[in-house]
Amino acid sequence: MDILVKAIDVSKNFGPFKALDQVSMEVARGEVACIIGPSGSGKSTFLRCINLLERMDGGAIWVNDALMGYRRDGNNLHELSDAEISRQRRRIGMVFQRFNLFPHKTALENIMEGPVQVLGEPADQAREHALSLLARVGLADKANHYPVELSGGQQQRVAIARAMGMRPDLILFDEPTSALDPELVSEVLDVMKDLAASGMTMIVVTHELGFARNVANTVTFMEAGKVVETGPASEVLSAPKSPRTAEFIRAVH
Ligand code: ADP
Ligand code: MG
């Protein structure tokens, strides 16, 4: 199997508090890995370690064989410079709970911004790609709308298109539907499902167990900064080994 993301014994402390306690995880290329678990269990912190928004205190994460946060020189590890960190982060898309679009830019401009400013794509090429992505998320007719003119579900679909615009190796989703009105959840999940079917590697923190069951390859249950259980989605969701996982699944349903 072609492993795209490999995390080994990742630890993160906030003062004396262990937000992540030796979290390990592997995600194969083209797979969807869902992370579930109660609030405060460290899910967001783990995603933030993967894309270097947070510095780990222990362990290691590789994405595409690049050791995140560090550079190997023989047996020595050197922390990456800010420039090296931003180079690594470019390969990883992120979609947050709160639609974090640039409010003063249109949907189209939001998607074009990164490719033009960060990747140096010519504007007309970026525009064409952005328009095709908008069509793909069902928003071809909203290209010139500002975020305030879009529903939460539409804004989140633009945020997904924006992440895709950077042609990432991996997209991280942190509870992408939990700030949405219930009737808008499925349009966002449908776009994510389509993205998964296209072969994008995705790590998705979500309470949408139906999505996890239908789309995810693996499900990982976290609690109190630890991985309690991980395995094929159908096994973890239908026949959890840990009573804690079972209890959580019952409570979310
Ligand atoms: P989850 O996403 O599973 O709800 P988080 O990763 O956001 O959990 O948080 C895990 C724990 O770490 C929580 O108890 C949270 O309060 C704590 N935490 C997260 N970020 C910080 C921070 N910057 N400073 C102090 N504590 C933090
Ligand atoms: Mg969170």
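Values for this structure:
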| item | result |
| --- | --- |
| Single residue of the range 1-35 satisfying the filter (assigned to a loop (DSSP other than H, G, I, E, B) and more than 16 Å from ligand 1 (Cβ to nearest atom)) that is modelled with the lowest pLDDT | M1 |
| The one condition in (1) under 16 Å from the mean Cα position of the chain (by Cα); (2) touching a residue at least 40 places away in the same chain (Cβ under 8 Å) that R48 fails to fulfil | (2) |
| Candidates V185, V204, V158, filtered to the one that is in contact with a Lys or Arg (Cβ under 8 Å, 6 or more places away or on another chain), at pLDDT 95 or above and aliphatic (A, V, I, L, M) | V158 |
| Residue check, L172 within 30 Å of T45 (Cβ to Cβ), within 16 Å of ligand 2 (Cβ to nearest atom) and not β-branched (V, I, T) | yes |
| For F14: the one exception among (1) more than 18 Å from the chain's Cα centre (by Cα); (2) away from ligand 2 (no atom under 16 Å from the Cβ) | (2) |
| The range 74-115, residues that are without any contact (Cβ under 8 Å) to a residue 40 or more places away in the chain, of a type in the set (A, V, I, L, M) and closer than 27 Å to W62 by Cα | L77, L80, A83, I85 |
| Some residue of the range 56-65 being more than 24 Å from G30 (Cβ to Cβ), within 17 Å of the chain's Cα centre (by Cα), in a loop (DSSP other than H, G, I, E, B) and within 16 Å of ligand 1 (Cβ to nearest atom) | no |
| So L209, is it farther than 18 Å from G30 by Cα and under 18 Å from the mean Cα position of the chain (by Cα) | yes |
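Yes or no, residue by residue, for (1) within 16 Å of ligand 2 (Cβ to nearest atom); (2) within 14 Å of F96 (Cα to Cα); (3) β-branched (V, I, T); (4) surrounded by 21 or more Cβ atoms within 10 Å (Cβ to Cβ):
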site: E149; (1), (2), (3), (4): no, no, no, no
site: R167; (1), (2), (3), (4): no, no, no, no
site: A197; (1), (2), (3), (4): no, no, no, no
site: M202; (1), (2), (3), (4): no, yes, no, yes
site: T206; (1), (2), (3), (4): yes, yes, yes, yes
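The values are calculated or read from the model by the stated rules, or taken from the named source; none is laboratory data. No experiment lies behind these values; they were computed from the predicted model shown. All Cβ positions, glycine included, derive from the backbone under ideal geometry; neighbour counts span all protein chains shown.
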